[in-house]
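Asks: Structure below; questions to follow.
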Amino acid sequence: MEKVKLEKYLGIDGKIEIRLQGDEGKYYKSMIQGIRNELLLIVAPYRGRDNLHLYKGDSVDVVLFAQNEKILFPAQVVGRVNKPFQGYVLQVPEEGKRIQMREFVRIKLLLDAEWGLLENTEVPPEEDLKQMVLNQAVMVDLSGGGAGLVIHEPLSENARILLRFTLPLKNNERVMTVMAEVRRCFRMDEPNKYAVGVSFVGLSAREQDQIVEYVFQKQREQRLMEDGVN
């Protein structure tokens with residue numbers, strides 16, 4: 001695994017996962033809320049309704065999720081905070097190890113979307129898009145790598161489609177017009193409904209960042225709702 005400088009990847013609201021060193025169990029989710037020199041302030045790690053309880057001096061393994069990769073590094077717990085949220089302060093090294101990110105975090109949701117078949121491998125110019133017939137769809141899951149749709153007609157595997165949807169980001173809405181390739185399609189129990197899985201093709205780094213940002217935003221909202229219920 002290639003060594004990289006952590007400062008290039010660390011950022012506020014960066015998604016991380018943590019486990020105690022020597023613990024072969026699953027990682028717990030968390031987010032970065034503060035950065036100062038070699039110290040990170042993080043939200044108390046959780047997995048479902050369970051929290052990972054850490055103590056000063058504990059050594060942990062941390063996985064930081066970057067755009068198309070993950071960065072693995074060790075850290076040591078140096079403190080705990082209770083306000084304005086429960087969390088911990090970690091001391092981190094200058095370098096971590098880059099590992100390939102094979103999967104993006106995927107969330108379930110309900111978003112209105114539109115789609116249309118493409119005749120070539122490029123998104124048409126805007127003037128051609130205005131003439132394109134688009135069909136209604138419901139997006140039922142989303143990640144930085146693809147989406148799940150419910151549509152009213154079958155699509156063949158490997159078909160290329162134009163997909164348009166609006167991301168209700170916290171600070172502004174973003175209309176996404178992207179190309180996608182059909183990976184699977186099967187008939188649902190309800191009449192004239194088909195479940196389709198697609199992979200995004202040719203996303204720009206900015207487009208992918210915005211989708212991932214929205215996925216993390218939804219995760220935070222779902223976490224707050226769970227905390228409110230509990």
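Each reported figure results from applying straightforward, stated rules to the coordinates on display, with no laboratory input. Keep in mind that what you see is a predicted model, and the values were worked out from it rather than measured. Glycine gets a Cβ as well: all are built from the backbone with ideal geometry, and neighbour counts include every protein chain shown.
Asks: Positive end of the dipole of the chain, charges at C-beta (+1 Lys, Arg; -1 Asp, Glu), about the Cα centre: which of GLY87, VAL196, TRP115 has its Cα farthest in that direction?
Replies: Looking along the dipole axis, the top candidate is GLY87.
Asks: Whose amide H sits under 5 Å from the amide H of ALA159, counting only residues 5 or more places off or on another chain, with H placed in the peptide plane?
Replies: Counting only residues 5 or more places away or on other chains, the set is VAL182.
Asks: Lysines within cross-link reach of LYS8: Cα-Cα under 26 Å, excluding same-chain residues under 8 positions apart?
Replies: Within reach: LYS29, LYS70, LYS97, LYS170, LYS218.
Asks: The stretch 120-188: D in µm²/s via Stokes-Einstein (Kirkwood Rh, Cα pairs, 10 °C, 1.306 mPa s)?
Replies: Details: Rh = 13.5 Å.
It diffuses with D of about 117 µm²/s by this estimate.
Asks: Charges only on Cβ, +1 for Lys and Arg, -1 for Asp and Glu: so what's the dipole of the stretch 1-110 about the Cα centre, in debye to the nearest 20?
Replies: Working: 19 positive and 14 negative charges, 76 e Å.
Computed about the Cα centre, the dipole is about 360 debye.
Asks: By how many nm would the segment from ASN158 to PHE186 lengthen if fully extended, with 0.36 nm per residue of separation less the alpha-carbon distance?
Replies: Roughly 8.7 nm would be gained on extension.
Asks: Hey, what does the equivalent ellipsoid look like for the chain, semi-axes from the Cα gyration tensor as sqrt of 5 times each eigenvalue, largest first, whole Å? Don't skip to the end; give the middle numbers.
Replies: On the way: eigenvalues 292, 72, 50 Å².
So the equivalent ellipsoid measures 38, 19, 16 Å along its semi-axes.
Asks: Which semi-axes, in whole Å and largest first, does the equivalent ellipsoid of the stretch 33-163 have when worked out from the alpha carbon gyration tensor as the square roots of 5 times its eigenvalues?
Replies: Values: eigenvalues 379, 60, 36 Å².
For the stretch 33-163, the ellipsoid semi-axes come out as 44, 17, 13 Å.
Asks: Below 8 Å between Cα atoms, with a sequence gap of 6+, how large is the relative contact order for the chain in percent?
Replies: Details: 488 pairs, mean separation 31.7, N = 230.
Relative contact order here is 14 percent.
Asks: Mind giving me the FRET efficiency for GLU95 and ARG206? R0 is 25 Å, r the Cβ-Cβ distance, nearest 0.05 is fine.
Replies: Working: r = 27 Å, r/R0 = 1.09.
Calculated transfer efficiency: 0.35.
Asks: Quick one: what are the phi-derived ³J(HN,Hα) couplings along the stretch 150-165, Karplus 6.51/-1.76/1.60 with θ = phi - 60°, whole Hz, x for glycine and proline?
Replies: 10, 10, 10, 8, x, 10, 7, 4, 6, 5, 9, 10, 8, 10, 10, 7
Asks: Same structure, new question: Of the GluC sites (Glu not before Pro) in the stretch 17-46, which ones lie in a loop per DSSP and count no more than 11 other C-beta atoms within 10 Å? Write out the running numbers ahead of the final one.
Replies: Numbers: sites: GLU17, GLU24, GLU38; in loops: GLU24, GLU38.
Those that pass, being in a loop and sparsely packed, are GLU24.
Asks: With a bin width of 10 angstrom, please list the P(r) values of the stretch 107-224 as percents of all Cα-Cα pairs, from the 0 bin to the one holding the largest distance.
Replies: For the stretch 107-224, the pair-distance distribution reads 13, 46, 32, 8, 0.
Asks: Here is a follow-up. For ASN172 and ILE107, calculate 0.36 nm times their separation in residues minus their Cα-Cα distance, and state this gained length in nm to one decimal. Walk me through the numbers on the way to the answer.
Replies: Working: separation 65, 0.36 × 65 = 23.40 nm, distance 2.00 nm.
Full extension from ASN172 to ILE107 adds 21.4 nm.
Asks: Can you work out the Karplus-derived ³J(HN,Hα) for every residue in the stretch 76-85? Use 6.51 cos²θ - 1.76 cosθ + 1.60 with θ = phi - 60°, whole Hz, and x for glycine or proline.
Replies: Per residue, the Karplus-derived 3J(HN,Hα) values read 10, 6, 10, x, 9, 10, 10, 9, x, 8 Hz.
Asks: Determine the distance separating the Cα centre of the stretch 10-77 from the Cα centre of the stretch 136-204; give it in Å without decimals.
Replies: Answer, in whole Å: 32.
Asks: Show me, for the stretch 168-181, the HN-Hα J-couplings you get by feeding each phi into the Karplus relation (A = 6.51, B = -1.76, C = 1.60, θ = phi - 60°), rounded to Hz, glycine and proline as x.
Replies: Ordered by residue, 3J(HN,Hα) equals x, 5, 4, 9, 6, 7, 10, 7, 9, 10, 10, 9, 9, 10 Hz.
Asks: Suppose the chain between ILE12 and ARG80 were pulled fully straight at 0.36 nm per residue; how much longer would it get relative to their current alpha carbon spacing? All intermediate terms of the calculation are to be shown ahead of the outcome.
Replies: On the way: separation 68, 0.36 × 68 = 24.48 nm, distance 1.80 nm.
Fully extending the segment from ILE12 to ARG80 adds 22.7 nm.
Asks: Taking the Cα centre of the chain as origin and charging only Cβ (+1 Lys, Arg; -1 Asp, Glu), how large is the dipole, in debye to the nearest 20? All intermediate terms of the calculation are to be shown ahead of the outcome.
Replies: On the way: 32 positive and 34 negative charges, 169 e Å.
That gives a dipole near 800 debye.
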